[in-house]
Every structure is written in C-alpha cells, then in structure tokens.
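K.L.:
First the structure, then my questions, so here it is.
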Amino acid sequence: MSKSSESQSTPTSLRFGITTWQNRPVSYTWTASGGNSGSGTLTTNNSALITGLPAGEIITLSIAPEIEAITIAANSGNDKRRLVDVTQWGTATWSTMENAFSDCVNLNITATDMPDLSAVSSMRNMFRNCQSLTGPANIGSWNTANVTNMEGLFSIALAFNQDISSWNTANVTDMRGMFVAARSFNQNIGNWNTTNVTNMQGMFQDARTFNQNIGNWNTQNVTNMQGMFAYALAFNKDISNWRTSNVTNMSYMFRDAKAFNQNISSWNTNAVTDMSWMFCNSIAFNQPIGNWNTAAVTNMSAMFASATSFNQDINNWNTAAVTNMNGMFDSGTFNKPIGNWNTAAVTDMHGMFNLARSFNQDISGWDVSSVIRLGYMFTQASAFNQNLGSWQLNPNVDMTSMLDNSGMDCQNYAFTLQGWANNTNIPSGRNLGARDRQYGTNAVAARTLLTTAKGWTITGDSNRGTCIPPLPFITVWDMSKSSESQSTPTSLRFGITTWQNRPVSYTWTASGGN
C-alpha cells in the first residue's frame, strides 16, 4: 500500500473491478506484511472495494475461485498503480481477460501456475501499459485456443520479451496494436496461424527492436495494415509473399521504419484506397513498386515524404481516383518522370514537392483544374525548372508560396506567366508566391494583366530585364606554369563572389581527357 493511487481509494482501501460466477458473492482474505490480516465478501460485480487495510504495507489478497474476471483499470476509480504481482492464478475459470491489468504500470507476474483461459475469447488490452511486466515465465504455454481478440494485448508493455511462439492463434481475428510500443519484444512468432486475422493495424508500431521472420504469415483475410510497422526501427524481413488482396488501408504502414528495404513489388494492392504516409521517412526503402495497381487509391498524401532513398519508376501508376497528393514527395530525393499521371480528380497538392531538391520533371500536361490547394507546392524545390503555363487553374485555387525559392529560371517563370495570362479562363483574385523568381521584359505585359485585370497579388518576384539563357563563365588554366600561391601542382586557388552568396557549381576538363 506504499504505492500511490490514482483512484478514489484511501491509503487503507483498495478498489478494483471483478466479475463472479453467476454474479454471486465471492469471499476474500488478506494478509499484510506487518502481520495483520482480514477477510470479507465481495458482493458487487464491477466495483469491488476493500477497506480497513493497514497503510503503507504490502497486502497479499486472495480471492476465491468463483471470480471470473478482474478489471483493474475498468474505470478511473480503480487502484492501477498498487498492483505489483500475481503470485497464483488458482483454479478460477476466467471468462475474459479484456482490460484485466491495463495501466498497471508496476505489475510483474511471478506465478508458476497458469490461468484457465479455456473460456476466454478476448485478451484485448490485457497487459496494456504494464510497463514493468517481464513475466510470467510460462506465458508461452498458455492456452489461447479460443481467443479471438488480441488487440493491444502487449501495447506499451515496455519490458516484455517472453517467448510466445507456441501460442495457438488459429481463431484470432483482431491483432491491431498488439505490440504497439512493446519496445523490448523480439521473439520468433513466425509460425503463428494468422489465417483468420482481419485487422493488423499498428500491430508492431513503435516496436523498436522487433525483427523476426514473419514472411510466412497467412494474411489473406487482412483488410487493415495501417501503421503496421510505423516506427518499427529494426524491422527488415522479407514479407514479399504476403497475400494482400483484401487490404484496403496501407496508410502509415512503414512510416519511420528506417531499416526496411524489402522487395514488395509483387503485393496485390487492387483493393487499397489509402496509401497516405506509407513510406514517409522510410529512409532505406527503394524498391521497384511501379507495377502496383493503384486504381482504387484516393489518398497518396505524404506517401514518400522524406523517403530519401526512394527513386523508382512509378510513371505508369493509375492515379485517376486520387484526390489528395498533399506533401507526397516533400523533402524526398525522387526524380523520375510522372508526367503520365491522371490528376483530374486531385484537389490537394499542397507542398507536394516542398523541399524536394532533386525533382525536375515535365508535369506541364497535368490536369490541375480540380486542385484548390497548390500552396507551397514547389517551395525550395531548387532543381525544379519547368514551364507550367499550360496549367488550367481552379477558380478557388490557393497558390500561397507556390514557387517560393524554387529552381524555376527567368525563362520558364516568364513562360508560365505568359501562359496563364493568355488563358481567357484564368481565375481572378489569386495570390501567387514567387519569392526570388525573375521574369523578363517579355513577361511584363502578362504579369501586369494578371495583377490588374485579373486582380492577382504576386509576391517576391522581380523584373530581370532580358531573360538571357544561363551561360557559364569559361576560363583556361595552364597547370604546367609555376604558381605564386599556396596551391599544389594539382590544385587551383582564386576568389569569387556569387549571387546572394549562394553556392555555385563548376565543371572542368583537362587536355589529357580527364
């Protein structure tokens, strides 16, 4: 009783939830570490209260086997922090283990006998947030044959790492969140029978050490794999043979799964509607998934955001149903043609190539007439230098910071302004962000039309005068000549100043062919 309580209990009482056989009263006894003892009868299901306990002592509580279920965390009034051990399961026939020990952060189990789970169908959240749990040592021998629900079973059980490879999971349908934040768990569960499982959402999310071979699992009935390996930092096993034909949700599936780089090109994605954030910050992934069937996908937002290795050909993806491409390649290194994409249904391209400093492909043929969010689309996309003048803009489109600090040069920015101005259906009253973009005298009239007749506000750009194609400054150096500087026979030293102090590229060729 020295542990603090989050409940309404006093230092001399315990409160928890129970269910008994046929709702009958159940007897109990207790002994305290100081030698005191007591007994009584619990008569109310779901809200058991024991009073008159010695404060500050360790209480051993024994409840008669008529108990069928215990729910320490059934409500905020129960004593979750005070339970520290289960030393014996006894002969009780448990009817459920759902939420039994959820949030008992100080609990460990040292019992050497095993609970009778023959009537248990739900172990949902049984050990959820049991942060101290490392046992019981015999948990791998528990009878789970009739269990159908293992949702959240070991979620946030930070220390748990027992061998449960022999569990009978043949009847389990729900494994969602089963090992969420079970950061120590790394046992071989590759032989589990998952034939009937339909939900694996977040199953290994934040299970940071898990890296076992589960490639032979039968996933034919799974419909939800959302976030399944999100933040599973170590996982990198072959799951190419998984049957995914019924999966509809793969969003967040490998988000921040920083080690994962397996070939999953053969997956059946026919039914998938949501791939948002699927490989976000999956920094190792770079597999050929260009043959995936994406015809049903509606959401690809942030799908490859910060996926700094991914650069595969996905030009033939069917994107006809996609409505959301928000941040799809944000901060990535992707630079493959995607000009064939059907974007007619897309309404959101906000930040799609924001900070995508490698991308420079021709997407001038995209249909963006339904897009109402183009803001930040190419912000700091420093390599992007394409003419977008053929785009048909939506009357309600937001273009805030759309071209800020992008790589669009004077010519292509001028062509873009001219193309939009020459379109009689161009919308009025738009705000275009074009920081550090330059246009030539040939685009002054077009820009004026947009800002006057059409009422646009264009911020950050400037008139360069004549758009001269960028030509390099070329010099010739004779390396056979003696040097007055500190340079070696194989180096050159000189001073330069660049526009806005930005880095400048160079190339060299030698007379010898190098």
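The values are calculated or read from the model by the stated rules, or taken from the named source; none is laboratory data. None of these values were measured; they are calculated from a predicted model. Cβ placement follows ideal geometry from the backbone for every residue including glycine, while neighbour counts extend to all protein chains displayed.
K.L.:
Pick from ARG437, ARG464: which is under 47 Å from the mean Cα position of the chain (by Cα) and in contact (Cβ under 8 Å) with a residue 40 or more places away in the chain? It would help to see each step written out before you state the result.
P.N.:
Numbers: ARG437 fails: in contact (Cβ under 8 Å) with a residue 40 or more places away in the chain.
Only one candidate qualifies: ARG464.
K.L.:
Tell me which residues, restricted to region 397-412, are surrounded by fewer than 19 Cβ atoms within 10 Å (Cβ to Cβ) and among the polar types (S, T, N, Q).
P.N.:
THR400, ASN405
K.L.:
Does GLY227 meet the test of being on the phi > 0 side of the Ramachandran plot and either surrounded by fewer than 24 Cβ atoms within 10 Å (Cβ to Cβ) or in contact with a Gly (Cβ under 8 Å, 6 or more places away or on another chain) (or both)? Step through it out loud before you land on a result.
P.N.:
Working: on the phi > 0 side of the Ramachandran plot: yes; either surrounded by fewer than 24 Cβ atoms within 10 Å (Cβ to Cβ) or in contact with a Gly (Cβ under 8 Å, 6 or more places away or on another chain) (or both): yes.
Answer is yes for this residue.
K.L.:
Here's a follow-up. Restricting to region 160-214, give me the number of residues that are surrounded by fewer than 23 Cβ atoms within 10 Å (Cβ to Cβ), of a type in the set (Gly, Ala, Ser) and closer than 27 Å to SER282 by Cβ.
P.N.:
Of the residues in that region, 3 qualify.
K.L.:
Residues to consider are GLN380, GLN386; find the one that is within 23 Å of ALA445 (Cβ to Cβ), touching a residue at least 24 places away in the same chain (Cβ under 8 Å) and in a loop (DSSP other than H, G, I, E, B).
P.N.:
Details: GLN380 fails: within 23 Å of ALA445 (Cβ to Cβ).
None of the other options fit; the residue is GLN386.
K.L.:
Among the listed residues ASP313, ASP330, which satisfies the condition of being part of a loop (DSSP other than H, G, I, E, B), acidic (Asp, Glu), buried (at least 22 other Cβ atoms within 10 Å of the Cβ) and at pLDDT 95 or above?
P.N.:
Exactly one residue qualifies, and that residue is ASP330.
K.L.:
Filter region 448-479 down to the residues that are touching a helix residue (DSSP H, G or I) at 6+ places or on another chain (Cβ under 8 Å) and of a type in the set (Phe, Trp, Tyr) and list them by number.
P.N.:
TRP456
K.L.:
Something else: Filter the strands (runs of 3 or more DSSP E) completely within region 28-128 down to those with at least 3 residues that are surrounded by fewer than 20 Cβ atoms within 10 Å (Cβ to Cβ) and not β-branched (Val, Ile, Thr). Write out each step before concluding.
P.N.:
On the way: elements: 37-42, 48-50, 59-63, 67-71.
The strands (runs of 3 or more DSSP E) meeting that bar are 37-42.
K.L.:
Something else now. Considering only residues that are touching a strand residue (DSSP E or B) at 6+ places or on another chain (Cβ under 9 Å) and at positive phi, look in region 437-480 and name the one that is modelled with the lowest pLDDT. Outline the logic, then answer.
P.N.:
Initial filter on region 437-480 (touching a strand residue (DSSP E or B) at 6+ places or on another chain (Cβ under 9 Å)): 437-441, 443-444, 446-447, 450-451, 456-468.
Those left that are additionally at positive phi: 460, 465.
On the way: GLY460: 98, GLY465: 91.
Checking each candidate, the answer is GLY465.
K.L.:
Let me ask something else about it. From the list TRP242, TRP167, TRP192, which one is farther than 27 Å from VAL272 by Cβ and modelled with pLDDT of 95 or more? Before you say what the answer is, go through the steps one by one.
P.N.:
Details: TRP242 fails: farther than 27 Å from VAL272 by Cβ; TRP192 fails: farther than 27 Å from VAL272 by Cβ.
The unique qualifying residue is TRP167.
K.L.:
Working only within region 139-166, note down all residues that are free of Cβ contacts under 8 Å to residues at least 40 places away in the same chain and not in a loop (DSSP other than H, G, I, E, B).
P.N.:
Answer for region 139-166, where residues must be free of Cβ contacts under 8 Å to residues at least 40 places away in the same chain and not in a loop (DSSP other than H, G, I, E, B): ILE139, GLY140, SER141.
K.L.:
If a residue must be buried (at least 21 other Cβ atoms within 10 Å of the Cβ) and either at pLDDT below 95 or in contact with a Lys or Arg (Cβ under 9 Å, 6 or more places away or on another chain) (or both), how many such residues does region 130-159 contain?
P.N.:
Number satisfying all stated conditions: 9.
K.L.:
Further, regarding this structure: Pick from SER428, SER482: which is out of contact with any helix residue (DSSP H, G or I) (no Cβ under 6 Å at 6 or more places or on another chain) and free of Cβ contacts under 8 Å to residues at least 24 places away in the same chain?
P.N.:
SER482
K.L.:
Also, quick follow-up: Does ASP436 qualify as being closer than 19 Å to PHE384 by Cα and in contact with a Gly (Cβ under 8 Å, 6 or more places away or on another chain)?
P.N.:
Working: closer than 19 Å to PHE384 by Cα: yes; in contact with a Gly (Cβ under 8 Å, 6 or more places away or on another chain): yes.
Judged against the criteria, ASP436 is a match.
K.L.:
Among the residues of region 409-429, write down those that are assigned to a loop (DSSP other than H, G, I, E, B) and under 15 Å from ASP461 (Cα atoms). Before the answer, list the steps.
P.N.:
Keep residues of region 409-429 that are assigned to a loop (DSSP other than H, G, I, E, B), which gives 409, 422-429.
If the condition is that a residue be assigned to a loop (DSSP other than H, G, I, E, B) and under 15 Å from ASP461 (Cα atoms), then ASP409 is the only one that fits.
K.L.:
Also, I was wondering about something else. Within region 352-392, track down each residue that is in contact with a strand residue (DSSP E or B) (Cβ under 9 Å, 6 or more places away or on another chain) and more than 18 Å from ASN425 (Cβ to Cβ).
P.N.:
Initial filter on region 352-392 (in contact with a strand residue (DSSP E or B) (Cβ under 9 Å, 6 or more places away or on another chain)): 371-377, 379.
Across region 352-392, the qualifying residues are ARG373, GLY375, TYR376, MET377, THR379.
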